[in-house]
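One structure coming up, written as structure tokens, with questions to follow.
The values are calculated or read from the model by the stated rules, or taken from the named source; none is laboratory data. Because the structure is predicted, anything quoted here is derived from the model rather than measured. FYI the Cβ positions are ideal-geometry reconstructions off the backbone, even for glycines, and counts take in every protein chain you see. These area figures cover heavy atoms from the full protein model, side chains too; ligands, DNA and RNA do not enter into them. Shrake-Rupley method; radii C 1.70, N 1.55, O 1.52, S 1.80 Å.
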Amino acid sequence: MKKTAIIVAAGNGSRMKSDIPKQFLILNNKPLLYYSIKAFFDAFEDINIILVLPEDYIANGQEIIDGFFDSSKIKITAGGRTRFHSVKNGISLIEDEGIVFVHDGVRCLVSKNLIQRCYETAVESGSAVPTINAADSLRMLTKNGNKILDRSKVKLVQTPQTFHSKILLPAFSIDYKEKFTDEACVVEAYGIVINLVEGEQTNIKITTPQDLELAKILLNE
């Protein structure tokens, strides 16, 4: 079955306090984005990748592709004003029916195993969203203050969120809503039940300088 990974790296990363978007920061002598792209090629040699980047940094992305990868298997498009619109821009470049991964470009430690498990589940059931258990106690804000949540009933969502194209493409034809923070929200709003798979504690999203330091340690291990 055809495989396409939309790697979303269109953010500016203001919390990183860097002059360049965090996806282009260097981790062990290579940009973060390099590792995210490589993980999908390690998982499947026949995969095609759509890279969604800030418009001003498309040339930077092309340099990474030219330096490390087969450019014939990677397309680049510009991001939109929200994640929803960025993913929609990526979806517009999909030509063939198959399985589509949508992955945060700064989750650079995603493993080959997780990508393959998401694929297998999506082939069987149409969707696969990796999640991990909440390790901390959780409280929800209420009108009168806050209340404890049962963390055994809460999951923390990761990527790659993986879907059959027959589900994902029509789901993104619906109108945008502010609650659409990831692809699972969009597909669920379209009326499809989401299937969860076990994620990985090491599949962290690089958001702050501390995350980058942790990624260095994990990568070296």
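Kindly provide the set of residues from segment 173-192 that are surrounded by fewer than 16 Cβ atoms within 10 Å (Cβ to Cβ) and touching a residue at least 60 places away in the same chain (Cβ under 8 Å), ordered by number.
Tyr176, Thr181
Condition first: assigned to a loop (DSSP other than H, G, I, E, B), open to solvent by 30 Å² or more (accessible area, probe 1.4 Å) and in contact with a Leu (Cβ under 9 Å, 6 or more places away or on another chain). Now tell me which residues in segment 205-221 satisfy that.
Matches in segment 205-221: none.
Shifting gears a bit: Surrounded by fewer than 18 Cβ atoms within 10 Å (Cβ to Cβ), of a type in the set (A, V, I, L, M) and in contact with an Asp or Glu (Cβ under 8 Å, 6 or more places away or on another chain) - does that describe any residue in segment 151-163?
Among the residues of segment 151-163, at least one is surrounded by fewer than 18 Cβ atoms within 10 Å (Cβ to Cβ), of a type in the set (A, V, I, L, M) and in contact with an Asp or Glu (Cβ under 8 Å, 6 or more places away or on another chain), which makes the answer yes.
Let me ask another. One residue is enough: does segment 101-113 have a residue meeting the conditions in contact with a strand residue (DSSP E or B) (Cβ under 8 Å, 6 or more places away or on another chain), under 19 Å from Ala9 (Cα atoms), of a type outside the set (Gly, Ala, Ser) and not in a strand (DSSP E or B)?
Looking for residues that are in contact with a strand residue (DSSP E or B) (Cβ under 8 Å, 6 or more places away or on another chain), under 19 Å from Ala9 (Cα atoms), of a type outside the set (Gly, Ala, Ser) and not in a strand (DSSP E or B), one finds at least one in segment 101-113, hence yes.
Continuing with the same structure: Which one of these is among the acidic types (Asp, Glu) and either touching a residue at least 12 places away in the same chain (Cβ under 8 Å) or closer than 26 Å to Val193 by Cβ (or both): Glu63, Glu55?
Glu55
So which of Asn48, Asn28, Asn89 ends up being over 21 Å from Leu169 (Cβ atoms) and of a type in the set (S, T, N, Q)?
Answer to the check: Asn28.
While we're here: Quick one: in segment 89-125, of everything that is open to solvent by less than 20 Å² (accessible area, probe 1.4 Å) and small (Gly, Ala, Ser), which residue is farthest from Thr202 (Cα to Cα)?
Among them, the one singled out is Gly98.
Which fully enclosed helices (runs of 4 or more DSSP H) of segment 6-92 have 3 or more residues being among the polar types (S, T, N, Q) and closer than 22 Å to Val110 by Cα?
Working: elements: 32-43, 58-68, 83-91.
In segment 6-92, there are no helices (runs of 4 or more DSSP H) which contain 3 or more residues that are among the polar types (S, T, N, Q) and closer than 22 Å to Val110 by Cα.
If you check every pair at least six apart or on different chains, which have Cβ atoms under 6 Å apart with a residue in segment 141-161 that is within 21 Å of Arg83 (Cα to Cα) and at pLDDT 95 or above first and a residue that is assigned to a loop (DSSP other than H, G, I, E, B) and of a type in the set (D, E, K, R) second?
Thr159/Arg107
Please specify each residue of segment 1-55 satisfying the condition of being of a type in the set (A, V, I, L, M), open to solvent by 10 Å² or more (accessible area, probe 1.4 Å) and closer than 15 Å to Lys216 by Cα.
Leu25, Ile26
Looking at segment 161-212, which of its residues are in contact with a Gly (Cβ under 6 Å, 6 or more places away or on another chain) and of a type outside the set (Val, Ile, Thr)? If you could, list the steps in order and put the result at the bottom.
In the first step, residues of segment 161-212 are kept if they are in contact with a Gly (Cβ under 6 Å, 6 or more places away or on another chain); the result is 164-165, 167.
The answer is His164, Ser165.
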